[in-house]
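Student: One structure, as structure tokens, below. Some questions next.
The values are calculated or read from the model by the stated rules, or taken from the named source; none is laboratory data. Bear in mind the structure is a predicted one, so any value in this text is a computation, not a measurement. Counting neighbours? That spans all protein chains shown, and the Cβs are built from the backbone with ideal geometry, glycine included.
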2 protein chains.
Amino acid sequence: MKKKTAHEQFIAYLRSEGKNITPERLHILDAVLNQKAHFKIDDMIEKMSCAKKRVSRATVYRSIKTIENAGLIKYIRSINDEKIYEVQKEHHDHMICESCGKIFEFHDKDLETLQDLICESHGFTPKRHTMKIFGICEKCKKDD
Amino acid sequence: MKKKTAHEQFIAYLRSEGKNITPERLHILDAVLNQKAHFKIDDMIEKMSCAKKRVSRATVYRSIKTIENAGLIKYIRSINDEKIYEVQKEHHDHMICESCGKIFEFHDKDLETLQDLICESHGFTPKRHTMKIFGICEKCKKDD
DNA sequence: CAGATAATTGAGATTTAATCTCAATTACGA
DNA sequence: TCGTAATTGAGATTAAATCTCAATTATCTG
């Protein structure tokens, strides 16, 4: 069973939901996948309105939601009313520096295991989780 | 050193910030503290517009923000554009049922310890964190 | 492949939470 | 008690997100 690309995943999702495969949706997916890590909707709208194939604001909003439902991107948080999304890679959690605003990703197997145990003891079936640790990063500590 | 009430904490905060202690702010604090657990801003606005002492929408927004900065309430999440806040008790994390929308609180000492260890290994100084586990609660599992 | 049908798009209007404005009021230190 | 600075209320404003609907496009069927 070879691993599906994000592109293939998206198309499979659209098919499974009976949604059409439109060039607009694929363009937006491409633009999103080209993002290094985190992006804002507004940036995507601007990007798509300058691109060779223009896509309207309404469609950007609609498609971002579709791509999110397909599990390919994830909403992280808002910073002054600007939603920040990220492209989904392997699952990871976040450390957010309150000084420079930078978002660090980390993953810890023990943490995941412990979470499952906690859920089990509460009769709760976990599907997914988010964890954000706010504090000060190494660099900002030194820059003081 | 006796423990301060939320009321006292708030007044101490206002003093420390050079802010005035106004009846509006205290009324809103009272209303907020009277909430069992979680509340929406809109509910507060409605509550305050019917109360003996009316408080305007703008002031509710302003005061909620002040009370949040004082650390007495905390923003949890949005559900269709409605922000949900909660009164701060001891620190705890959340399990959110995707079926009924109910929010469960839990606290686990091992989880906290593990988080601190992870941060340490990344040179990150944690101040606070949020953790949300999404899934299906015990009751909804049975109701299937 | 053509024609029918349902989904999707674009553009601008609309919605709505949150913020802003500013004159009137109020808290508070001196 | 007075003067100053902070705060409030009411309505205007802002801006992200959604909605509307006619025109377009994807997909299915034979």
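Student: Please pick out the residue among B:Gly135, B:Gly71 that is closer than 22 Å to A:Ser99 by Cα and either of a type in the set (Gly, Ala, Ser) or more than 7 Å from chain A (Cβ to nearest Cβ) (or both). Spell out how you get there, then give the answer.
Tutor: Working: B:Gly135 fails: closer than 22 Å to A:Ser99 by Cα.
Selected residue: B:Gly71, the only one of B:Gly135, B:Gly71 that is closer than 22 Å to A:Ser99 by Cα and either of a type in the set (Gly, Ala, Ser) or more than 7 Å from chain A (Cβ to nearest Cβ) (or both).
Student: May I ask you to list the residues in the range B:75-104 that are assigned to a strand (DSSP E or B), loosely packed, with under 14 Cβ neighbours inside 10 Å and under 13 Å from the mean Cα position of the chain (by Cα)?
Tutor: Step one: of the range B:75-104, the residues assigned to a strand (DSSP E or B) are B:75-79, B:82-87, B:93-97, B:103-104.
Filter once more, keeping what is loosely packed, with under 14 Cβ neighbours inside 10 Å: B:78-79, B:82.
Within the range B:75-104, B:Ser78 is the sole residue that qualifies.
Student: Among the residues of the range B:53-67, are any buried (at least 17 other Cβ atoms within 10 Å of the Cβ) and within 10 Å of chain A (Cβ to nearest Cβ)? Outline the logic, then answer.
Tutor: Within the range B:53-67, the subset buried (at least 17 other Cβ atoms within 10 Å of the Cβ) is B:55, B:59-60, B:63-64, B:66-67.
Within this subset, residues satisfying the condition of being within 10 Å of chain A (Cβ to nearest Cβ) are none.
No, that holds for no residue.
Student: Any idea which of (1) among the β-branched types (Val, Ile, Thr); (2) more than 13 Å from DNA strand D (Cβ to nearest atom); (3) assigned to a helix (DSSP H, G or I) is the one B:Thr66 doesn't satisfy?
Tutor: The one condition B:Thr66 does not meet is (2).
Student: Does the range A:21-31 contain any residue that is of a type outside the set (D, E, K, R), surrounded by 12 or more Cβ atoms within 10 Å (Cβ to Cβ), in a helix (DSSP H, G or I) and within 9 Å of DNA strand D (Cβ to nearest atom)? Spell out the reasoning first.
Tutor: Initial filter on the range A:21-31 (of a type outside the set (D, E, K, R)): A:21-23, A:26-29, A:31.
Keeping just the survivors that are surrounded by 12 or more Cβ atoms within 10 Å (Cβ to Cβ) gives A:22, A:26-29, A:31.
Add one more test, that the residue is in a helix (DSSP H, G or I), and what stays is A:26-29, A:31.
Imposing the further condition that a residue be within 9 Å of DNA strand D (Cβ to nearest atom) reduces the set to none.
No.
Student: What is the number of the single condition among (1) more than 7 Å from chain B (Cβ to nearest Cβ); (2) crowded, with 17+ Cβ neighbours inside 10 Å that A:Thr125 does not meet?
Tutor: Going through (1) more than 7 Å from chain B (Cβ to nearest Cβ); (2) crowded, with 17+ Cβ neighbours inside 10 Å one by one, A:Thr125 breaks only (1).
Student: Still on this model: Could you tell me whether any residue of the range B:32-41 is surrounded by fewer than 16 Cβ atoms within 10 Å (Cβ to Cβ), assigned by TED's automatic domain parsing to the domain that holds B:Ala12, more than 12 Å from DNA strand D (Cβ to nearest atom) and without any contact (Cβ under 8 Å) to a residue 40 or more places away in the chain?
Tutor: Yes, because at least one residue in the range B:32-41 is surrounded by fewer than 16 Cβ atoms within 10 Å (Cβ to Cβ), assigned by TED's automatic domain parsing to the domain that holds B:Ala12, more than 12 Å from DNA strand D (Cβ to nearest atom) and without any contact (Cβ under 8 Å) to a residue 40 or more places away in the chain.
Student: Could you tell me which of the residues A:Glu46, A:Glu120, A:Glu112 is in the same structural domain as A:Tyr13 (by TED's automatic domain parsing), away from DNA strand C (no atom under 11 Å from the Cβ) and not in a strand (DSSP E or B)? Working first, answer last.
Tutor: On the way: A:Glu120 fails: in the same structural domain as A:Tyr13 (by TED's automatic domain parsing); A:Glu112 fails: in the same structural domain as A:Tyr13 (by TED's automatic domain parsing).
The conditions single out A:Glu46.
Student: Answer yes if at least one residue in the range A:110-117 is of a type outside the set (Lys, Arg) and within 16 Å of DNA strand D (Cβ to nearest atom), and no otherwise. Show your work before the answer.
Tutor: So the first thing to find is which residues in the range A:110-117 are of a type outside the set (Lys, Arg), and the list is A:110-117.
Those left that are additionally within 16 Å of DNA strand D (Cβ to nearest atom): none.
Checked the range A:110-117: no residue is of a type outside the set (Lys, Arg) and within 16 Å of DNA strand D (Cβ to nearest atom).
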